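Visitor: Quick one: the structure is below, questions incoming.
The values are calculated or read from the model by the stated rules, or taken from the named source; none is laboratory data. These figures come from a predicted structure and were not determined experimentally. Quick reminder, even Gly has a Cβ in these numbers, built from the backbone with ideal geometry, and neighbours come from all protein chains shown.
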Amino acid sequence: MAQTILVTGSTSGFGRLTVETLARQGHIVFAGMRAAAGKNAPAAEELRALAERERLALHIVEIDITDESSVEQAIESIIATTGRIDVVVNNAGMSIRKPPQDYAIPEWQAVLETNLTGAFACAQAVYAPMKQGGGGGFLFCRFQDGLGMGNPPAPPR
């Protein structure tokens, strides 16, 4: 049975590959991205073209996981379209490309707001609809370089 799936952070990379793969497997997929009509319009248009070309149930949904009202609007839009939401892949995230000792506190707060609070906001917004629909699932994707671990060590001074 086809599942209704939201994938956040689907503009590129792992999120983009995830939405393409899940849609090709027959699921109803919502590619969540910020600024789908702005800076991410080319990525949104590529996914729309792919959906049309391959006749996929792949939709674009505007979502900024750091904005609670954006999250709520995205979830409401998905449920209005399909009547349900079965799975959320929380892929949206950010990292800082420098060693942790060089982070400014506002940079660290932005990482926490996106990677933790944003993921929680998505889970919180879909909990009731999932429960009402008989259950669902969450997949939280985080990458090690969120703490600068993917970077080479700073050169000695």
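Visitor: Yes or no: the range 12-21 includes at least one residue that is modelled with pLDDT under 95 and in a loop (DSSP other than H, G, I, E, B).
Guide: yes
Visitor: Taking the range 1-26 on its own, how many of its residues are over 20 Å from MET94 (Cβ atoms) and either crowded, with 21+ Cβ neighbours inside 10 Å or touching a residue at least 12 places away in the same chain (Cβ under 8 Å) (or both)?
Guide: 9
Visitor: Continuing with this model, one more query. Give me the pairs: first residue in the range 97-114 and free of Cβ contacts under 8 Å to residues at least 40 places away in the same chain, second residue part of a helix (DSSP H, G or I), beta-carbon distance under 9 Å, and six or more apart or on different chains, which are they?
Guide: TRP108/PRO100; VAL111/GLY146; VAL111/LEU147
Conditions (1) out of contact with any Pro (no Cβ under 6 Å at 6 or more places or on another chain); (2) surrounded by fewer than 20 Cβ atoms within 10 Å (Cβ to Cβ); (3) without any contact (Cβ under 8 Å) to a residue 24 or more places away in the chain, marked per residue:
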{"site": "ILE28", "(1), (2), (3)": "yes, no, no"}
{"site": "GLU52", "(1), (2), (3)": "yes, yes, yes"}
{"site": "HIS59", "(1), (2), (3)": "yes, no, no"}
{"site": "GLU62", "(1), (2), (3)": "yes, yes, no"}
{"site": "GLU72", "(1), (2), (3)": "yes, yes, no"}
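Visitor: What is the one condition in (1) surrounded by fewer than 17 Cβ atoms within 10 Å (Cβ to Cβ); (2) modelled with pLDDT under 95; (3) more than 18 Å from GLN3 (Cβ to Cβ); (4) not polar (S, T, N, Q) that LYS131 does not satisfy?
Guide: The failed condition is (3).
Visitor: Test of understanding: among ILE5, ILE28, ILE60, which residue is in contact with a helix residue (DSSP H, G or I) (Cβ under 7 Å, 6 or more places away or on another chain), closer than 19 Å to CYS141 by Cα and either at pLDDT 95 or above or not small (Gly, Ala, Ser) (or both)?
Guide: None of the others qualify; the one that does is ILE5.
Visitor: Looking at ALA119, ALA51, ALA80, ALA125, which one is under 16 Å from THR4 (Cα atoms), in a helix (DSSP H, G or I), among the small types (Gly, Ala, Ser) and touching a strand residue (DSSP E or B) at 6+ places or on another chain (Cβ under 6 Å)?
Guide: Answer to the selection: ALA51.
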